[in-house]
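Take a look at the structure set out below.
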Amino acid sequence: MNSKQIAISTLSMIVKIVALIIILSFVMKYAKQAYDFGYRIFTEAPVAEGEGILYTVNVENGAGPKEIAKQLEEFGLIRDQKLFYVQYLLSDYKDKIQPGSYTLSTAMTAEQMMQIMAKDAVEEPEIDEDHPINEDVYGNLPNESDEAAGDGTYETETTTEEEVGE
């Protein structure tokens with residue numbers, strides 16, 4: 001090998017090492033930011049401690065979560081509207097925030113604010129497929145006094161007109 005080939009090989013190796021260091025530093029920087037953001041989704045503390053400051057927030061009919069997040073950030077109720085939006089998407093209150101006027105505090109977490117803004121949302125009953133609820137033909141649920149027949153159905157006592165008249 002002549003000296004020219006050695007110099008080119010050494011220079012090529014140095015360029016590859018520098019490129020690898022730059023790539024690794026970017027990956028580490030953005031991985032740390034992604035981890036911090038993900039951690040904050042579930043652990044974000046309220047903006048203020050103690051009683052906080054109360055604000056009245058108006059949620060317009062048809063307002064989406066991004067508009068609500070922007071409004072909350074403008075009032076100083078949350079630190080980061082993007083974080084609130086992700087918290088909303090991962091929460092139990094997704095698609096349940098109702099239009100209205102709400103009094104919120106800087107001492108509340110995002111979860112508490114969403115809970116208040118979804119207070120009028122009708123909860124859908126959870127269906128347990130392993131233990132179905134049996135209804136009679138009139139849509140009545142079995143009473144506690146009804147005896148289980150052992151096959152998942154209920155036997156109810158019926159009263160005839162003759163028994164009522166006695």
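Based on the Cβ-Cβ distance of F37 and T103, what FRET efficiency does E = 1/(1 + (r/R0)^6) give at R0 = 22 Å, to the nearest 0.05?
Details: r = 29 Å, r/R0 = 1.32.
Working from the Cβ atoms, E equals 0.15.
Using a probe radius of 1.4 angstrom, the carbon and sulfur fraction of the accessible surface of the range 65-106 is 46%. Each Lys or Arg adds one and each Asp or Glu takes one away; over the other residues whose Cβ falls under 14 Å from the Cβ of L72, this sums to -3.
The values are calculated or read from the model by the stated rules, or taken from the named source; none is laboratory data. The shown structure was predicted, so the numbers you read here are calculated from the model rather than taken from an experiment. Positions of Cβ are backbone-derived with ideal geometry, glycine not excepted, and every protein chain shown enters the neighbour counts. Protein only, heavy atoms only, side chains kept; ligands, DNA and RNA dropped before computing areas. Shrake-Rupley method; radii C 1.70, N 1.55, O 1.52, S 1.80 Å.
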